[in-house]
There are 2 protein chains.
Amino acid sequence: MKKISESIKDKPWLGWVLYGGTVIVVFIVGLLASTIIERRSESNLIIQNVRPINDWEPRNEVWGENYPREYETYLKTADTTFASEHGGSANIDMLERYPDLVVLWAGYAFSRDYNQSRGHYYAIKDIRKTLRTDVPQPATCWTCKSPDVPRMMQQLGAAQFYKKHWDELGSEIVNPIGCQDCHDPKTMNLRITRPALAEAFQRQGIDITKSTHQEMRSLVCAQCHVEYYFKGKEEKYLTFPWDKGFTVENMEAYYDSVNHVDWVHSLSRTPMLKAQHPDFELFKSGIHSQRGLSCADCHMPYKSEGGIKFTDHHVQSPLNNISNSCQVCHRESENTLRLNVYDRQEKVKQLEKLSTNALVKAHIEAKAAWDKGATEEQMKPILTLIRQAQWRWDFVAASHGGAFHAPLECARILGNSIQKSEDARTLLAGLLSKLGVELPLQIPDVSTKQKAQVYIGLKMDSLYKAKSVFINEVIPKWDKEALERQNKNYGIK
Amino acid sequence: MKKISESIKDKPWLGWVLYGGTVIVVFIVGLLASTIIERRSESNLIIQNVRPINDWEPRNEVWGENYPREYETYLKTADTTFASEHGGSANIDMLERYPDLVVLWAGYAFSRDYNQSRGHYYAIKDIRKTLRTDVPQPATCWTCKSPDVPRMMQQLGAAQFYKKHWDELGSEIVNPIGCQDCHDPKTMNLRITRPALAEAFQRQGIDITKSTHQEMRSLVCAQCHVEYYFKGKEEKYLTFPWDKGFTVENMEAYYDSVNHVDWVHSLSRTPMLKAQHPDFELFKSGIHSQRGLSCADCHMPYKSEGGIKFTDHHVQSPLNNISNSCQVCHRESENTLRLNVYDRQEKVKQLEKLSTNALVKAHIEAKAAWDKGATEEQMKPILTLIRQAQWRWDFVAASHGGAFHAPLECARILGNSIQKSEDARTLLAGLLSKLGVELPLQIPDVSTKQKAQVYIGLKMDSLYKAKSVFINEVIPKWDKEALERQNKNYGIK
């Protein structure tokens with residue numbers, strides 16, 4: 001047989017066909033390459049054009065100049081329309097909606113004021129506004145609110161930071177949760193800026209600096225979206241109670257082992273635990289985490305704009321962004337997926353309600369028993385049950401999205417809560433009868449926030465008055481000082 | 001340019017290349033076609049070779065001659081090794097394992113004897129053996145046990161069938177659950193042979209004869225794997241309580257509306273409901289059903305043998321067949337999937353245990369209240385709560401696989417059960433104190449099946465003795481009669 005070259009010699013048209021074909025193929029490959037290069041160069045442009053950002057730079061708008069897409073989407077967390085569509089107004093007054101909460105938190109600052117959390121954008125506004133910070137609080141309360149915190153921790157050291165009073169740092173901590181909380185300004189890699197998380201893992205022998213990028217996409221959230229407490233009467237050292245594990249029982253065992261009490265309930269005199277928001281812990285026990293997803297996969301999915309693929313920094317409910325979150329994996333319609341979530345939430349909420357009801361009665365019945373002269377010894381097993389029941393209830397109630405992240409685990413926890421508070425009530429019924437109280441006990445009218453606050457003995461008028469003074473006099477002073485310091489530091493006149 | 005024919009004229013070798021290429025391609029296509037034809041013809045062979053089967057033919061082995069693959073896999077339901085690997089011995093004595101059940105069912109035949117269900121293959125053996133059929137039972141109890149049932153229903157009419165006594169039909173109903181229960185022998189299409197299912201849907205305006213094949217792959221199971229009761233004191237008409245819906249609350253509302261009472265509890269005197277096995281109803285509320293799966297998809301997945309794809313009639317736990325069931329959709333490892341199931345089951349079981357404990361105490365405390373002279377009026381709200389609590393507990397406990405089919409719904413139901421029985425106990429504590437009973441009440445030792453049965457007043461010796469007589473004298477007679485009738489009917493000598 002002849003070689004191709006010889007064939008071409010014989011038939012010159014064959015050469016032209018090969019030549020033409022090559023031209024077309026090369027042209028198409030060139031087009032593709034050009035698109036790729038264009039995208040690359042646009043990305044490079046971004047990286048090349050950045051101006052260096054100082055380490056511990058707290059001002060989000062400064063970072064925003066380098067990373068406009070991330071910053072613009074971050075700014076959208078100011079929009080709380082979605083929350084208002086799904087449950088009334090944004091920044092909802094939870095005590096007004098669920099007056100039982102006032103009773104459950106009697107004696108604790110949460111009974112004064114507890115609003116639905118808003119976006120990261122409002123972190124500073126909301127902590128200044130809440131009545132909970134009128135109680136003398138340590139600076140530890142600032143820890144999750146601002147990228148000024150790691151800056152101050154660099155200056156003071158974490159332990160010294162925690163030891164300060166909350167209002168000592170009022171003019172230092174002014175920028176809401178933002179870029180520097182999660183990013184290293186040099187590389188833009190994800191970075192842990194709060195010591196408590198790293199310390200908690202370290203105590204378990206885990207070095208989280210060795211985490212993968214995908215793990216970091218949850219761990220930066222877990223700096224704050226976790227259960228925690230302030231360790232030490234003076235130290236107020238932010239500590240995660242994970243030494244015995246991540247379940248509600250594990251953490252209770254930890255708290256019991258260190259005799260931790262958040263407050264003594266003013267009605268039942270129970271030494272209580274207040275759950276914070278164990279979002280990361282509950283998420284870890286759910287199927288999405290078990291399948292390898294991170295927080296960012298659903299709350300900050302990737303987005304494309306022009307030639308750029310970037311992480312959407314509009315941190316929000318995936319229900320407001322189903323097509324970019326759920327539907328990346330699930331092929332069902334938006335409506336089906338939404339109903340699937342609601343279905344889980346409703347079932348968990350039903351148990352949460354049963355749990356709340358039982359706890360309210362238990363606290364009030366315990367108060368009646370004390371009032372009739374019950375002894376410490378008689379009350380002890382009852383108060384233990386109330387402490388355990390409310391810890392379980394709060395673990396679910398305080399979590400953000402727990403009813404979706406781990407619905408079955410939430411239901412399990414609430415089932416246990418119900419059992420424990422009702423068991424306390426059984427003991428109380430026996431005791432109250434013995435003490436000559438006619439059963440069922442008349443439960444006072446706590447059907448509105450106002451009535452409930454009066455019942456537990458709060459003088460709301462004077463609290464509101466003091467707050468008003470604080471907002472009108474102290475806050476403007478803080479802001480002025482902060483601005484002056486910033487102008488001085490950065491040479492702005 | 002020249003045409004190809006001219007090119008070939010110029011260069012004869014080109015023709016050989018084309019010729020050779022064609023030969024190879026045709027050969028390969030031929031191979032593929034031959035495989036396909038072979039498979040088809042094998043399938044046709046099966047269909048052509050079948051001998052007609054009489055309608056209502058109850059003998060599985062007769063169907064098995066036409067459909068050996070399905071029959072052979074069906075026969076594997078005799079093998080209960082898997083069950084024995086996952087929880088002790090097959091046909092486990094549940095009362096021995098959970099003596100609390102004896103107390104919960106005091107006054108009802110279940111307190112005598114309740115074994116873990118075995119495969120369909122054992123349906124006749126097990127119903128003859130249980131002590132529950134020594135209580136005079138209607139023939140309705142046979143309904144789900146045998147393909148002889150639709151045969152008898154054709155002869156007698158369903159209403160007349162149900163009205164008979166259980167032992168009147170002992171020599172008629174002898175073949176265990178099998179082919180004819182679900183298949184039409186002419187077309188082998190799936191077919192509903194039990195009227196209760198069709199009637200229940202009909203009352204809701206749904207004609208299930210219009211169901212799709214995929215729906216039928218669940219509906220044939222739903223003929224039996226459902227909640228049901230025997231309607232009418234004389235009629236004992238098998239009825240599904242679905243008129244108000246499929247949830248535990250819907251069915252309770254139905255039962256309450258017709259004042260249905262399964263039995264009066266011999267300790268607490270509660271007018272009880274006994275849940276059967278609401279497997280289909282719980283499955284419907286779970287995600288696998290919501291995503292369009294049928295019972296058969298996981299319990300009878302497709303299988304290939306030689307050239308034939310057929311439905312595996314070895315009905316079994318998908319956990320024993322993960323690669324052919326779960327892994328058709330889920331890409332995780334067998335071990336991961338198995339642990340995911342266990343995780344759900346353990347959480348539900350934990351609540352089930354709390355629910356059981358509370359109910360045992362409630363029954364015993366109610367008995368104490370009666371013993372001390374409590375009045376009907378005092379007891380009424382308590383007994384209502386006990387009825388509701390145990391109905392919820394039993395709905396989950398009696399279901400097969402509910403903890404996997406619908407784990408969250410099971411947890412929700414159990415949470416409600418716990419709340420209700422503990423609420424009953426709170427009322428009881430008040431009442432008992434009033435009646436002068438020292439609390440906490442001493443709970444009798446019911447830690448073994450034997451102790452529990454003695455406590456509720458069962459005379460097991462005489463029950464076992466009567467059963468032994470029945471097994472040695474009545475059963476052989478039934479079998480002899482059945483054989484004689486069959487030989488006569490089918491001309492076998």
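The values are calculated or read from the model by the stated rules, or taken from the named source; none is laboratory data. Computed from a predicted model, the values in this text were never measured in an experiment. Cβ sites come from the backbone with ideal geometry, for glycine too, and all protein chains shown count toward neighbours. Protein only, heavy atoms only, side chains kept; ligands, DNA and RNA dropped before computing areas. Shrake-Rupley method; radii C 1.70, N 1.55, O 1.52, S 1.80 Å.
So the values come out like this:
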{"quantity": "For the range A:255-265, 3J(HN,Hα) per residue [Karplus equation, 6.51 cos²θ - 1.76 cosθ + 1.60, θ = phi - 60°, Hz, x = Gly/Pro]", "calculated": "4, 4, 5, 9, 6, 7, 9, 6, 6, 9, 4"}
{"quantity": "Value of [θ]222 nm, deg cm²/dmol, for chain B, DSSP H segments ≥ 4, -39500 (n - 2.57) each, nearest 500", "calculated": "-16500 deg cm²/dmol"}
{"quantity": "Förster radius 22 Å - calculated FRET efficiency between B:Val264 and B:Ser462, Cβ distance, rounded to 0.05", "calculated": "0.50"}
{"quantity": "Other-copy label distances relative to B:Glu473, 7 angstrom Cα-Cβ extension, nm", "calculated": "10.0"}
{"quantity": "Chain B: angle of helix B:12-49 to the longest principal axis, Cα-based, in degrees nearest 10", "calculated": "40 degrees"}
{"quantity": "Charged-residue dipole, Cβ positions (Lys, Arg, Asp, Glu), chain A about Cα centre, Debye nearest 20", "calculated": "480 debye"}
{"quantity": "5 angstrom amide H check on B:Asn115, placed H, neighbours 5+ away", "calculated": "B:Met94"}
{"quantity": "Bins of 5 Å from zero: percent of alpha-carbon pairs in the range A:386-436", "calculated": "5, 22, 23, 17, 12, 9, 6, 4, 2, 0"}
{"quantity": "Shape metrics for the protein assembly as shown, restricted to C-alpha atoms - Rg then Dmax, Å", "calculated": "36.0, 120"}
{"quantity": "Rg(Cα) / (2.2 N^0.38 Å) computed for the range B:102-239, rounded to two decimals", "calculated": "1.08"}
{"quantity": "Between the range B:175-206 and the range A:94-155, the Cα center-to-center distance that results, in Å", "calculated": "61 Å"}
{"quantity": "Solvent-accessible area per residue, Å², over chain A with all protein chains present [probe radius 1.4 Å]", "calculated": "49 Å²"}
{"quantity": "Three semi-axes of the equivalent ellipsoid, the range A:191-237, Cα gyration tensor, whole Å, largest first", "calculated": "22, 12, 8"}
{"quantity": "Label 7 Å beyond Cα on the Cβ vector: A:Gly307 copy-to-copy distances, nm", "calculated": "5.7"}
{"quantity": "Estimated FRET transfer efficiency (A:Glu199, B:Arg203; beta-carbon r; R0 51 Å; 0.05)", "calculated": "0.20"}
{"quantity": "Average beta carbon contacts from partner chains per residue of B:433-439, 10 Å cutoff", "calculated": "4"}
{"quantity": "Neighbourhood net charge (14 Å Cβ-Cβ; Lys/Arg +1, Asp/Glu -1) for B:His225", "calculated": "0"}
{"quantity": "Only Lys, Arg (+1) and Asp, Glu (-1) charged, at Cβ; the range B:406-450 dipole about Cα centre in debye", "calculated": "80 debye"}
{"quantity": "From the C-alpha gyration tensor of chain B, square roots of 5λ in Å", "calculated": "53, 29, 20"}
{"quantity": "Cα centroid of the range B:213-279 to Cα centroid of the range B:408-438, whole Å", "calculated": "24 Å"}
{"quantity": "Calculated label separations, A:Phe82, copies of the chain, 7 Å along the beta-carbon direction, nm", "calculated": "4.2"}
{"quantity": "Positive-pole candidate from B:Ser211, A:Ala397, B:Gln390, dipole of the protein assembly as shown, charges at beta carbon", "calculated": "B:Ser211"}
{"quantity": "Dipole of chain A [Lys/Arg +1, Asp/Glu -1 at C-beta], most positive-end residue of A:Ala222, A:Ser468, A:Asn489", "calculated": "A:Asn489"}
{"quantity": "B:Leu14, A:Leu339, ranked by accessible area, largest first (probe 1.4 Å)", "calculated": "A:Leu339, B:Leu14"}
{"quantity": "Mean separation of Cα contacts under 8 Å (6+ apart) over length of chain A, as relative contact order %", "calculated": "17 percent"}
{"quantity": "Dimensionless Rg/Rh of the range B:77-165 - Kirkwood Rh, Rg from C-alpha atoms", "calculated": "1.04"}
{"quantity": "Between 0 and 90°, nearest 10: helix A:213-222 axis offset from chain A longest Cα axis", "calculated": "30 degrees"}
{"quantity": "Added length on full extension, which subtracts the Cα-Cα distance from 0.36 nm per residue, A:Gln486 to A:Glu438", "calculated": "10.7 nm"}
{"quantity": "Residues in the range B:389-418 occluded by at least 20 Å² - accessible area, probe radius 1.4 Å, against chain by itself", "calculated": "B:Leu408, B:Glu409, B:Ala411, B:Arg412, B:Gly415, B:Asn416, B:Ile418"}
{"quantity": "Debye-sum result for the range B:365-412 in log10 I(q)/I(0), which assumes one identical scatterer on each alpha carbon, at q = 0.15, 0.18 Å⁻¹", "calculated": "-0.53, -0.63"}
{"quantity": "Carbon + sulfur, % of accessible area of the protein assembly as shown - ligands and nucleic acids excluded, 1.4 Å", "calculated": "55 percent"}
{"quantity": "Reachable aspartates and glutamates, given that their alpha-carbon falls under 13 Å from the alpha-carbon of B:Lys459 and they are not under 8 places away in the same chain", "calculated": "B:Asp113"}
{"quantity": "Viscosity 0.692 mPa s, 37 °C: Kirkwood-radius Stokes-Einstein D of the range B:254-332 over Cα pairs, µm²/s", "calculated": "207 µm²/s"}
{"quantity": "Within 10 Å of each Cβ in A:348-356, the average number of Cβ atoms from other chains", "calculated": "3"}
{"quantity": "Cβ crowding within 10 Å averaged over residues, with B:210-220, A:413-423, A:110-120, A:389-399 ranked highest first", "calculated": "A:413-423, A:389-399, A:110-120, B:210-220"}
{"quantity": "Kirkwood hydrodynamic radius over Cα pairs of the range B:415-493, then Stokes diffusion coefficient at 4 °C and 1.567 mPa s, in µm²/s", "calculated": "72 µm²/s"}
{"quantity": "Solvent-accessible area buried by pairing A with B, both sides, nearest 100 square angstrom, 1.4 angstrom probe", "calculated": "3300 Å²"}
{"quantity": "Size of charge dipole - the range A:246-319 - debye, nearest 20, with Cβ of Lys, Arg +1 and Asp, Glu -1, no other charges", "calculated": "140 debye"}
{"quantity": "Residues with amide H under 5 Å from that of B:His183, placed H, sequence gap 5 or more", "calculated": "B:Arg191"}
{"quantity": "Neighbourhood charge, 13 Å Cβ-Cβ cut-off, centred on A:Ala374 and excluding it, Lys, Arg +1 and Asp, Glu -1", "calculated": "+1"}
{"quantity": "Residue among B:Ile173, B:Ala33, A:Trp242 farthest towards the positive dipole end of the protein assembly as shown, charges placed on Cβ", "calculated": "B:Ala33"}
{"quantity": "Sum of side-chain charges, A:Ala253 neighbourhood, beta-carbon under 11 Å (Lys, Arg +1; Asp, Glu -1)", "calculated": "-3"}
